[in-house]
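Note sheet for the following structure.
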Amino acid sequence: MDTPPVVVRDLVRVFRGKTGEIRAVDGLSFEVPRGSLFGLLGPNGAGKTTSLRILTTLLAPTSGFVRVAGFDPVREGFAVRRSIAAVLQDNASEQFLSVKDNFRVYARLHGQPSEDTDRRLPAVVERFGLGEVLSEKAADLSIGMRRRVQVAKIFLLDSPILFLDEATTGMDPLAKREVLERIREIAREGRTVVLTTQNMDEAERLCDEILIVAHGRAVARGDVDSVKRLHAPTLELRIVFDEDPQGLPEFLADYHPASQTFADRRLTIRLSGSRRDAANFLAALSARYRVADFEVSSASLEDAFLEAIGEGDGK
Amino acid sequence: MSAAAFPPWRRVAAVAERETRFRFSNFGWLFWDLCYPAGYLLALGAGLSHLLVADIAGGSYSSFLLPGILVMAGQTLAVNSSWALFTDRDNGIFFEHLTYPLTRANFLGGRLLFNLGMGALQSLVLIAAAIFVLRVPVGPGRLAGLFVAALAAIPLWFFFLFAAAIRIRRMDAYATFQNIVFLGALLISPVFYPIDRMPSWFRAVAYANPLTWSVDILRGIAFGGMHVRRLALEAGAYAAGTAAAFVWALRSLRTALR
């Protein structure tokens with residue numbers, strides 16, 4: 001059987017400071033299958049970056065089992081580093097070098113022959129819109145542009161496992177779209193991507209599977225739809241009536257709505273259940289009242305995220 | 001990427017190349033690296049040689065000064081490398097480097113290789129200035145030995161200050177530490193003056209100073225007249241000190257984020 005490129009079991013990382021112990025990661029477990037996009041989601045201080053630092057050999061875990069490309073990041077750090085490329089949270093760049101030299105030095109330090117770099121560089125530069133700043137020093141670029149260079153570098157390589165820590169932070173929407181598209185292509189090529197993000201829209205569009213972490217612990221895990229169903233299992237229905245619906249409160253009471261508002265012949269109601277339940281509700285409603293228009297939407301990943309970390313409605 | 005496709009020597013060379021590009025991106029740094037020690041040698045050598053009536057340790061003051069300035073030049077390179085680490089850490093590239101397919105020893109080795117290259121240039125500049133401007137009588141047979149010994153004096157300071165810069169994270173704290181170490185090592189050593197007639201406490205501290213060991217070795221190679229046994233002892237102590245500093249730097253690098 002194919003061993004997952006990233007395996008984490010019961011991972012714990014404790015920081016000891018003058019004010020006591022902080023359990024930044026507290027028993028995380030997950031596996032990332034080959035060729036998939038895995039998202040680590042969580043609020044600030046949830047333990048996402050610490051987990052990524054452990055996976056990229058920068059930090060040693062306090063306890064737990066970790067394997068990246070089949071290697072132990074502590075005992076076999078070099079073997080792990082040969083299989084990965086990482087975009088860390090800081091806007092890391094070779095500040096005093098030109099953008100072109102940033103690419104060359106990066107590829108060189110990853111053992112890529114110069115001719116391969118020269119062959120790949122034009123496409124990467126074009127995709128990320130860096131043609132006009134190639135000879136500028138990284139220090140002279142805006143933060144967003146520097147981030148773009150930092151992320152673009154990993155597309156020069158063929159590393160089988162990529163770790164991206166808040167990779168699109170600070171980028172403009174166009175660059176962000178390009179990065180997300182390229183990340184998707186990478187996964188289609190069979191490479192594995194582990195990313196952290198606080199952007200739920202990004203995670204929803206990109207990830208095959210997500211893990212929501214809070215206080216170093218996993219609070220929800222699965223594909224985006226199942227996490228949404230599990231943690232925010234409500235559907236929101238917006239209905240417009242042709243005339244004032246008589247006896248509506250009594251009618252709605254039978255469906256036990258999570259919430260409801262009615263004004264100017266417009267009803268907004270949140271119901272628990274599946275889309276089939278919503279269809280049945282709409283059928284019964286339209287049989288009794290004259291419905292002019294309706295719209296059904298499911299909860300967003302952000303709703304599920306807030307519910308999972310305990311910040312949702314009523315918590 | 002296979003290990004064979006990226007062998008250790010290429011990894012070390014890649015790090016050294018990165019350091020070279022980094023340092024050559026600023027001519028102020030180059031001036032500091034290459035010309036500052038030569039300025040010391042020329043100013044002190046030319047100035048004090050004419051002021052001092054008596055020769056020192058059987059030769060001119062310029063001759064006395066050359067080995068000390070050669071060692072000080074290597075120490076200056078190590079200081080600059082340690083400061084470059086702060087720049088790299090502040091903009092995040094240092095930690096990104098630690099995720100690259102390099103061993104920590106490759107990382108240190110590449111930076112050391114760069115320092116040795118710069119040290120070679122520096123030594124050539126200094127020896128040429130000493131011979132052609134200050135008329136220091138270094139015999140041709142001793143030149144190669146002097147050059148190699150000057151390079152051998154670099155690693156201990158490089159590893160020591162690199163490790164200290166990793167462990168002392170605050171720039172202001174490191175500035176204080178580095179000034180005390182740099183000036184302390186220079187002043188309590190035979191770099192600028194003979195220590196034989198100094199108070200016993202001064203000599204005791206000076207003999208425990210690695211700078212003294214390397215200056216003695218260079219002076220012995222350049223001009224002779226020193227006890228072979230003492231030089232061997234100092235060379236042994238220097239080698240042990242270098243090994244200890246390397247281990248400390250390696251451990252510091254492995255725990256850079258802990």
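Seen against the Cα atoms of chain A and their longest principal axis, helix A:173-188 is set at about 80 degrees.
Per residue, the convex hull spanned by the Cα atoms of chain B amounts to 145 cubic angstrom. Projecting label points 7 angstrom from Cα along Cα→Cβ for residue A:208 and residue A:302 puts them 2.8 nm apart. Applying the Karplus relation 6.51 cos²θ - 1.76 cosθ + 1.60 with θ = phi - 60° to segment A:108-115 yields 3J(HN,Hα) values of 4, 6, 9, x, 7, x, 4, 5 Hz, where x marks Gly and Pro.
Between residue B:226 and residue B:43, the distance separating the two model label sites (each 7 Å from Cα on the Cα→Cβ line) works out to 2.6 nm. When both segment A:74-124 and segment A:1-63 are represented by their alpha-carbon centers, they are found 24 Å apart. Between residue A:136 and residue B:124, the simple label model (points 7 Å from Cα in the Cβ direction) yields a spacing of 3.7 nm. For the Cα trace of segment A:160-207, dividing Rg by the Kirkwood Rh returns an Rg/Rh value of 0.93.
Per residue, the Cα convex hull of chain A amounts to 187 Å³. Annotation: Cα Rg of segment B:78-197 relative to the compact-globule expectation 2.2 N^0.38 Å equals 1.28. Note on segment A:261-309: semi-axes of the ellipsoid equivalent to its C-alpha gyration tensor, largest first and rounded to whole Å, are 25, 14, 8.
Sorted largest first, the spans of the alpha carbon positions of segment B:196-237 along the three principal axes are 27, 21, 16 Å. In terms of surrounding Cβ atoms within a 10 Å radius of their Cβ, B:201, B:32 rank from fewest to most as B:201, B:32. Backbone N atoms of segment B:79-121 closer than 13 Å to the 7 Å Cα→Cβ label point of residue B:35 are not found in any residue.
Using Stokes-Einstein with the Kirkwood hydrodynamic radius over Cα pairs, what translational diffusion coefficient do you get for segment B:161-203 at 25 °C and a viscosity of 0.890 mPa s, in µm²/s rounded to a whole number?
Translational diffusion coefficient: 206 µm²/s.
Helical content of the protein assembly as shown, expressed as a calculated mean residue ellipticity at 222 nm, amounts to -16500 deg cm²/dmol (DSSP H runs of 4 or more residues, -39,500 (n - 2.57) each, divided by residue number, nearest 500). Computed over the Cα atoms of segment A:201-306, pair by distinct pair, the Kirkwood hydrodynamic radius stands at 15.3 angstrom. Take the Kirkwood radius over Cα pairs of the protein assembly as shown, plug it into Stokes-Einstein at 20 °C and 1.002 mPa s, and you get 77 µm²/s for translational diffusion. Between the helical axis of B:61-90 and the longest alpha-carbon principal axis of chain B there is an angle of about 20 degrees. Considered as an equivalent ellipsoid built on the Cα gyration tensor, segment A:108-216 has semi-axes of 25, 18, 13 Å, the largest given first. Taking every alpha-carbon pair in segment A:1-75 and binning the separations at 10 Å intervals from zero gives 19, 53, 24, 4, 1 percent.
What shape does segment B:136-230 take by its C-alpha gyration tensor, where a ≥ b ≥ c are the square roots of the eigenvalues and a/c under 1.5 counts as rounded, a/b above b/c as prolate, and the rest as oblate? Because a/c hits 1.5 or more and a/b fails to exceed b/c, segment B:136-230 counts as oblate.
Its residues counted as N, segment A:34-173 yields a C-alpha radius of gyration over 2.2 N^0.38 Å of 1.10. For chain B, the longest principal axis of the Cα atoms and the long axis of helix B:140-152 meet at an angle of about 40 degrees. Expressed per residue, the C-alpha convex hull volume of segment B:25-107 stands at 110 Å³.
Beta bridges assigned by DSSP with both partners in chain A are antiparallel in approximately 70 percent of cases.
With the convex hull constructed from alpha-carbon coordinates only, segment B:182-258 shows a mean projected area of 6.4 nm² over all directions.
When the Cα gyration tensor is reduced to axis lengths a ≥ b ≥ c, the ratio a/c is 1.5 or higher for segment A:65-120, and with a/b not above b/c it is classed as oblate.
Every number here is computed from the coordinates shown, using simple stated rules; none is lab data. The model shown is predicted, which means the values in this text are computed figures rather than measured ones. When we count neighbours, we look across all protein chains shown, and the Cβ atoms used for this are built from the backbone with ideal geometry, even at glycine.
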